[in-house]
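Rule-based calculations on the coordinates, nothing more; no lab input. All figures in this text were calculated on a predicted structure; none of them were measured in a lab. Because the Cβ atoms are built from the backbone with ideal geometry, glycine has one as well, and the counts that use them run over all protein chains shown.
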Amino acid sequence: MGNTITCFVPKEIRSMPRSQTASSGGSGGSQNLFSRSASKKTKAVRKSFNDEQDAVIREQALAAVMLLKRQYNESSNGGHVPLNRSTSVSVGYPSSIARNGTRKQGLTRSSTTRQASSSDKSAPAVTGSYPDPLVKLQQAANTDGIETTHIVLVHGGGFGAWCWYKTMTLLIDAGFIVDPVDLAGSGVHPSDTNAVQTMAQYVAPLVDILDMLEDDEKVILVGHDFGGACISYAMELYPSKIAKAVFVAAPMPKNGQSVLDIFSHNGGPGDLRKAQVFLYGNGKDRAPTAIDHNRALLKDLLFNQSPAKDFALASVSMRPIPFGPLLEKLALSEAKYGSVRRFYVETQDDRAVPVSFQEYMVDGNLPEKVYRLKGSDHAPFFSKPQALHRILVEISKIPAKQG
């Protein structure tokens with residue numbers, strides 16, 4: 001995975017020292033000599049800076065490996081291990097231990113080089129030892145009175161759990177328990193995308209997480225893009241285990257609708273269709289088995305406001321979307337699916353699913369509240385992670401309905 005190492009990039013990158021300029025009054029020859037000397041000094045400083053950063057990255061990676069080894073040993077010896085979690089698998093991220101002792105993958109640090117926020121500065125620095133996950137979760141922002149602090153992040157079509165790395169870091173720093181899921185044939189899930197033919201197959205990793213919850217446990221589901229249909233499917237199966245459902249630039253199907261039905265309205269988002277490429281895993285004389293994206297169009301279509309490093313991550317990590325689940329009409333009842341509180345997040349600078357089309361989806365199946373992310377492209381977890389985080393925290397703090 002392209003993001004395995006970047007997970008441990010230091011939060012704050014110190015600016016390079018500037019070389020001193022020569023004082024005026026010297027001869028031209030001496031000024032040139034000084035310039036050459038200053039240039040050599042600058043290169044030496046830059047090399048030293050890069051060496052230092054590489055050493056820090058190696059140190060953090062080693063610390064994470066030591067943490068994993070410690071957790072594994074504790075689990076093997078029957079010792080107490082923090083974070084009783086589900087058995088969903090996201091290989092490639094630092095891990096915790098699930099309820100049944102199996103390994104549960106989860107990412108704990110962001111690779112962003114943004115200016116450190118106050119929450120960043122309050123977090124313990126990693127200098128040879130990695131903070132205990134239990135301690136990390138106990139360093140919560142005010143989560144008193146919240147119905148649940150457990151959030152499950154469900155990626156969109158072609159994405160994987162990797163896309164949530166910034167959102168995960170912010171939520172964990174705020175005291176939440178976070179489960180990002182790789183749906184079947186997505187991210188690092190081992191299934192062949194072309195072999196995923198039904199919605200039940202596609203969302204099986206999400207169902208596994210919900211199935212592992214205790215009877216009195218609830219989660220908040222967050223679905224991006226095609227993930228909106230996936231959490232809708234889960235809402236019908238486990239309405240009592242889902243406190244709230246958040247749809248991020250995502251379809252909100254009604255009973256009997258498929259994702260393809262929704263995106264066929266008035267021809268659907270035209271630019272998105274232009275970027276889609278059908279794959280025929282069973283031969284071109286058979287129906288398509290998956291949809292891929294034209295990589296040359298990804299930047300302008302999906303990531304027009306995202307940092308270059310995140311686009312680079314996506315360009316090497318995205319996988320095709322299984323075609324069968326897109327065609328499947330969902331059976332959604334008012335008693336189950338309709339009993340879960342729904343919230344919608346519009347991405348205002350989205351070229352893949354324009355805001356006008358998002359509003360059409362909202363009007364067709366009204367949620368409890370609509371939030372708007374100004375300046376966000378189709379990947380708000382990249383382009384507006386802080387704003388998306390604030391919205392998710394705000395939704396989590398909305399009191400549970402009585403009765």
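Tabulated data for the structure shown
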read-out: Rh by Kirkwood over Cα pairs, then Stokes-Einstein D for segment 175-285 at 1.002 mPa s and 20 °C, µm²/s; value: 137
read-out: Out-of-range pairs (alpha-carbon distance over 27 Å; input LYS299/LYS374; LYS166/LYS274; LYS299/LYS384); value: LYS166/LYS274
read-out: For segment 160-176, Karplus couplings with θ = phi - 60° (6.51, -1.76, 1.60), whole Hz, Gly/Pro x; value: x, 4, 4, 5, 8, 4, 6, 4, 4, 4, 5, 5, 5, 4, 8, x, 8
read-out: Farthest positive-ward along segment 130-396 dipole, Cα basis, beta-carbon charges - from ALA296, ILE146, ILE391; value: ALA296
read-out: Inter-site label distance for LYS254 and GLU214 at 7 Å from Cα along Cβ, in nm; value: 4.0
read-out: Hydrodynamic radius of segment 287-399 per Kirkwood, over alpha carbon pairs, in Å; value: 16.1
read-out: Cα-based Rg / Dmax (Å) for segment 158-201; value: 12.9, 38
read-out: Backbone HN-Hα couplings from phi across segment 374-385 [Karplus 6.51/-1.76/1.60, Hz, Gly and Pro as x]; value: 5, x, 9, 7, 6, 10, x, 5, 9, 7, 9, x
read-out: Net lengthening on full extension, ASP285/VAL316 (0.36 nm per residue, minus Cα-Cα); value: 8.2 nm
read-out: Point-to-point label distance, ASN294-VAL277, nm (Cα→Cβ direction, 7 Å offset); value: 1.0
read-out: Relative counts (whole %) of C-alpha pair distances in segment 305-367, using bins that are 10 Å wide; value: 15, 28, 40, 15, 1
read-out: Descending semi-axes in whole angstrom, ellipsoid equivalent of segment 130-396, from the Cα gyration tensor; value: 27, 21, 19
read-out: Sorted by Cβ neighbour density within 10 Å, fewest at the top, the residues VAL196, VAL277; value: VAL277, VAL196
